Structure formats: C-alpha cells, structure tokens
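The values are calculated or read from the model by the stated rules, or taken from the named source; none is laboratory data. Predicted, not measured: the structure shown is a model, and the values here were computed from it. Positions of Cβ are backbone-derived with ideal geometry, glycine not excepted, and every protein chain shown enters the neighbour counts. Remember, those area values only see protein heavy atoms, side chains included, never the ligands or the DNA or RNA. Shrake-Rupley method; radii C 1.70, N 1.55, O 1.52, S 1.80 Å.
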Amino acid sequence: MPQEELLRLAHVIGAAVLFGTGAGIAFFMVMARRTRDARLIAHVAGTVVIADTLFTATAVVIQPITGYLLATGIGWSLGEGWIALSLILYVVTGLFWLPVVWIQLRLRDLARLATANDAPLPQEFDRLYAIWFACGFPAFLAVTGIFWLMLVKPQFQLF
C-alpha cells in the first residue's frame, strides 16, 4: 500500500476514533447521570476517563501529524481555505475538550466520594455536569464541520 494511502487510512481512522469516542463517552455519561446513582456514575466516569486517555488523546496527537504529512505529500498548502478552517475548528474543539477532561475527573471523584459516604451527589456535581454537557455541543459541531471540510474540500480563501 503506498504511503499516501496509509496516511489517509490513519487519518480517517483517527477522525473516526475522535468522533466515535466523543459520541460514546457523551452517551454513556448522559445515561449514567440520568440514574442519579453515584456508584454507577463513578464507574462510568472512571471508564470515560480511561477511554479519553487511551483513544481521544492518542487520536488528538495523530490527527495533525497525519494531516500535515498528507497535505504536504499531496502538495496542498496549509493556507488553503478548507485546510486552514479545519485547523481552526480543530483548535476550537481542543479548547472545549481540555476543560471537559478536567471536569470528567472531577465528576468521577465527586461520584466516588458520594458513594464512599453513602450520600447523594453534591450540587457541584450538577454544576460541573452542566458545563461538561454544554461544552459538548460546540466541540461536536466543530468536528462535524471538519468532516464536511475534509470531504467536500470547498475552494475559498480564508486569509
């Protein structure tokens, strides 16, 4: 398999992992939180933290590397409108993802503490969960926009 095809495959798999892991994490956290069962939430949030570390963080590193190698190998300038906008949206996604990682750790820890004390989830849990939930929408829209840009490659000048 030629190098460009391997890079494309790695790039597409990385994109699928980012999107799929994000959607899966969101689904399982939302479903766990709906139960209000601190023990279940602690377990799910712990798994989410592991999944984010193994899958999302790895793909976050691989995506720009494979994208850069693909673009330069094909002869595309990183300044082309669709590539530049994809990079901007990638940064936007990261700006929403980084606080989410910290929030997921706190949600896990708060649920573990409530479980250990046989207490209900504290108000801080609900406040952080609301922020976590809200951060998902712009990140999801940005990733969806990146997918569209990569597939359509519309020709325009951004700068």
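Computed extension gain for Leu54 through Arg127, at 0.36 nm per residue and net of the alpha carbon distance, reaches 23.6 nm.
If you sort Thr21, Thr58 by accessible surface, 1.4 Å probe, largest first, the order is Thr58, Thr21. The heavy atoms of Val61 offer some 90 square angstrom of accessible surface to a 1.4 angstrom probe. Per residue, the average separation of C-alpha pairs within less than 8 Å and at least 6 apart gives the range 78-150 a relative contact order of 54 percent. The 3J(HN,Hα) values that the Karplus relation (6.51, -1.76, 1.60; θ = phi - 60°) gives for the range 83-93 are, in residue order, 6, 4, 5, 4, 5, 5, 5, 5, 5, 4, 4 Hz. Gly and Pro appear as x.
Full extension of the chain between Leu113 and Leu6 gives 33.9 nm of extra length, using 0.36 nm per residue less the Cα-Cα distance.
Any idea how far the Cα center of the range 122-145 sits from the one of the range 71-100, in Å? For the range 122-145 versus the range 71-100, the Cα centre distance is 21 Å.
Surface composition of the chain: carbon and sulfur atoms hold 72% of the protein heavy-atom accessible area at a 1.4 Å probe. Excluding ligands, DNA and RNA, the accessible surface per residue across the range 23-72 is 55 Å² with a 1.4 Å probe.
Measuring with a 1.4 angstrom probe and ignoring ligands and nucleic acids, Thr115 comes out at about 40 Å² accessible. Computed from backbone phi with θ = phi - 60° and the Karplus coefficients 6.51, -1.76 and 1.60, the 3J(HN,Hα) list for the range 33-40 is 5, 4, 6, 6, 8, 4, 5, 5 Hz; x is used for glycine and proline.
Restricting the calculation to Cα atoms, every distinct pair contributes to the Kirkwood radius of the range 36-146, found to be 15.8 Å. With N counted as the residues of the range 105-159, its alpha-carbon radius of gyration over 2.2 N^0.38 Å works out to 1.88. The mean sequence distance of close C-alpha pairs (under 8 Å, at least 6 residues apart), as a share of the length of the chain, puts its relative contact order at 32 percent. A DSSP coil position with no more than 15 other Cβ atoms inside 10 Å describes the following trypsin sites (Lys or Arg not before Pro) in the range 30-74: Arg36.
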